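Undergrad: Take a look at the following structure, please.
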Amino acid sequence: MTPDRDVQELLDRWLAEGPTRVSDRAFDQVVGRVHAQRQRAAWRFLRREPTMISPLRFVLVAAAVIAAVAVGTLLVSSLPSAQVAAPRGGTLTPPSSAPSPSEEASANPATTLPLGLALVDLQGTVQEDLQLPLDAWVADLSVDGRLAFLTQAETLGFCGQCGRLWRIAIVDTTTGSSGYLLGPDVDRVQGLAWSPDGTQLAFTDDDGTGNIDVYVVDVESGELGAFGGDIRRLTTDPAIDEFPAWTPDGSAIVYDNVGSGELDDSGFARTQEIWTVPVDGGDPVRLTTNDVWDAEPDVAPDGTIVFIREGRPWTMTISGTEQRALESIAGGFSPRWSPDGSRLALLQHDGSARAHLPAELGHGTDLPLLRVVIVDVATQGVTNTHQRVVSDLNPASWTRDGGGLLINRYDEGG
Amino acid sequence: VERELLAAAQRGDEAAFVDLIRVRSNRLFAIAQRILRDVDRAEDALQDALVIAWRDLRGLRDPDRFDAWLTRLLVNVCISQAARERRRTANLRVLPLDGPPAPDELLSIADRDLLDRGFRRLPPDQRAILVMHHYLGYAPSEIAETLGIPAGTARSRLFHAHRAMRAALDADARGQILGGRPA
């Protein structure tokens, strides 16, 4: 056992080492960013939610609502008909506040980002650019055509008080209404997955200490803007839980737990395994046990789980048996089953280029690019859509009819 | 002069703000680098923290708290960034090398390696506490004041951070003895 005193002396010496001078380049970038950033009025920090609506603000709110409805209408008219289910209506509140255009421009650093949510067909042809906040991240499309995604942008009136915190934004493509889920304890969301019936969202959230766990929120009963609905924390393990996916009956979440092992340079640990936890309460059950990493599961309509084992797609039953590699597939990340379970949308690393994002997004500035490919599970044939996304945190999401994908498209050419 | 600069910056004077942060940026960068163990990410965190500081400066009520407020902003940005880094951004991340360390004859390369691995295993908030205590020389009461937490909480967190660091070092040593695979 190392004595405390020794540890403290070592820390004293060790932390005294290292660079102590910021580069001129970095400081110049600060100056440039300060110049581009508008200061906030002090009153905005005195309350969490705006309660007073001035005439000017009312006009802006109305404009934002009209804009949101217009976007929604556009979406409705452009989505494949099979996606547009019967309107749900009334479950999402319109934005409660909207910043001025100048506030939007200054608060949303993403206006020139090469990112954008888009619907593409299975050959990769863009059917629709969704014109949503360009910093949208980790999007998922529900069975009834609702988009959930993370954003810190204060655009479209989604989140007037978001600041730099990531919130869950939702756009109902059937009604055009939009809103965001906001809660004081839910501000570092990292993953999203709609329940099979589109009434709940599973997500992973950092509780502020670096411990990321799985949560579920009932979107139907939740009051958007307040996150006042039924939020349940399903896992509490101190290791990171991530990539939640629903079982077909909506009774459980399958996810991966990083375990206690050290992360390698790619961010995986040999102790990383696939687990499942009941949505209505109960202990997590481990589905894989070995000394290699297993991650990023998704569950097919028949219960077959696809997951990534050391960079290659594998499948197993819902109880963890019959683990098999998809031998012909060279590798991939973040697989997503098609609605009929016959195909997978998979992300494959594209080593030919890197994605460059602004630091203010907080994702890092130099990230890998991944190609979106379609795998026919029966033949293991692979179709390249020639579309790319940034990071394996942005899996493709299938449209309800299986004829298209929602992707967070990376396109440096805009 | 500092107060005048701060007042001007709070009125929207960019040049005044730049003057204020110019003399503080090296210290803040050093803190960030030690928490994040990466020069590029430390510079990113510094930029983020200073831009947030500029954006929110009008909300600062007590000018005497400017430095503590700035440090708190930076530490929170570092914790948030480190938490994100603990899970993958994707495969094949290239880790840039840190700048050359100043040699301390009392620390061997093996010591540094051991400390670095142990430190990286700690949760980000514990890393921040250790940097504030061992690099900045803050007492628990100063840590509490800077982070806006009760003094007892700061003491408790520091105790747990030391214990976690010791456990990480011991675990690493055991792994080496037993032929484990340290990173």
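Undergrad: Could you order the peptides B:11-21, A:136-146 from most to least packed, using the average number of other C-beta atoms within 10 Å per residue?
TA: A:136-146, B:11-21
Undergrad: Another one. Using θ = phi - 60° and the Karplus form 6.51 cos²θ - 1.76 cosθ + 1.60, what ³J(HN,Hα) does each residue of segment A:341-358 get, whole Hz, x for Gly and Pro?
TA: Residue by residue, segment A:341-358 yields x, 9, 9, 10, 8, 10, 9, 10, 4, 10, x, 7, 7, 10, 8, 10, 10, x Hz.
Undergrad: Within segment A:286-349, report the GluC sites (Glu not before Pro) that DSSP leaves as loop and that have at most 11 other Cβ atoms within 10 Å.
TA: Loop-located and lightly packed - A:Glu322, A:Glu327.
Undergrad: Taking every residue in A:251-264, how many Cβ atoms of other protein chains lie within 10 Å of its Cβ, on average?
TA: Mean partner shielding for this stretch: 2.
Undergrad: Read phi for every residue in segment B:109-115 and hand back ³J(HN,Hα) as whole Hz from Karplus 6.51 cos²θ - 1.76 cosθ + 1.60, θ = phi - 60°, with x for Gly and Pro.
TA: So the Karplus estimates, Gly and Pro as x, are 4, 5, 4, 4, 4, 5, 5 Hz.
Undergrad: Okay, moving on. With charges set only on the Cβ (+1 for Lys and Arg, -1 for Asp and Glu), what does the dipole of segment A:321-414 come to about its Cα centre, in debye to the nearest 20?
TA: 100 debye
Undergrad: Considering amide H positions built from the backbone, and no H for Pro or chain starts, which residues 5 or more places from A:Gly116, or on another chain, come under 5 Å of its amide H?
TA: When sequence neighbours closer than 5 places are left aside, the close amide H contacts are A:Arg409.
Undergrad: Using θ = phi - 60° and the Karplus form 6.51 cos²θ - 1.76 cosθ + 1.60, what ³J(HN,Hα) does each residue of segment B:137-149 get, whole Hz, x for Gly and Pro?
TA: x, 6, 6, x, 5, 6, 4, 4, 5, 5, 8, x, 10
Undergrad: Moving on. Going toward the positive end of the dipole of segment B:103-161, with +1 on Lys and Arg Cβ and -1 on Asp and Glu Cβ, which of B:Ala128, B:Gly118, B:Thr153 do you reach last?
TA: Comparing the listed Cα positions along the dipole, B:Thr153 ranks first.
Undergrad: Also, I was wondering about something else. Taking the Cβ of B:Ala151 as the centre, find all other residues whose Cβ is under 10 Å away and add up their charges (Lys, Arg: +1; Asp, Glu: -1).
TA: -1
Undergrad: Now for a separate question. Once Rh for segment A:238-378 is found with the Kirkwood sum over Cα pairs, what is the Stokes-Einstein diffusion coefficient at 25 °C and 0.890 mPa s, in µm²/s?
TA: 155 µm²/s
Undergrad: Ok, one more. If packing is taken as the average number of other Cβ atoms within 10 Å across a peptide's residues, how do A:292-298, A:115-121, A:374-380 rank, most packed first?
TA: A:292-298, A:115-121, A:374-380
Undergrad: Moving on. Across the residues of B:31-38, average count of Cβ atoms on other protein chains within 10 Å?
TA: For peptide B:31-38, the averaged partner shielding equals 2.
Undergrad: Can you find, among A:Ala295, A:Val279, A:Ala269, the residue farthest towards the positive end of the dipole of segment A:254-299? Put +1 on the C-beta of Lys and Arg, -1 on that of Asp and Glu.
TA: Selected residue: A:Val279.
Undergrad: Another question about this same structure. Give the long-range amide H neighbours of A:Ile318: residues separated by 5 or more places, or on another chain, with amide H under 5 Å away, using H modelled in the peptide plane at 1.01 Å from N.
TA: A:Ile305
Undergrad: Looking only at other chains, what is the average number of their beta-carbon atoms within 10 angstrom of each beta-carbon in A:27-39?
TA: That average works out to 6.
Every read-out reported here was derived from the displayed coordinates using simple, explicitly stated rules and does not represent laboratory data. None of the values given here were measured: they were computed from a predicted structure. Glycine also receives a Cβ, built like all others from the backbone with ideal geometry; neighbour counts cover every protein chain displayed.
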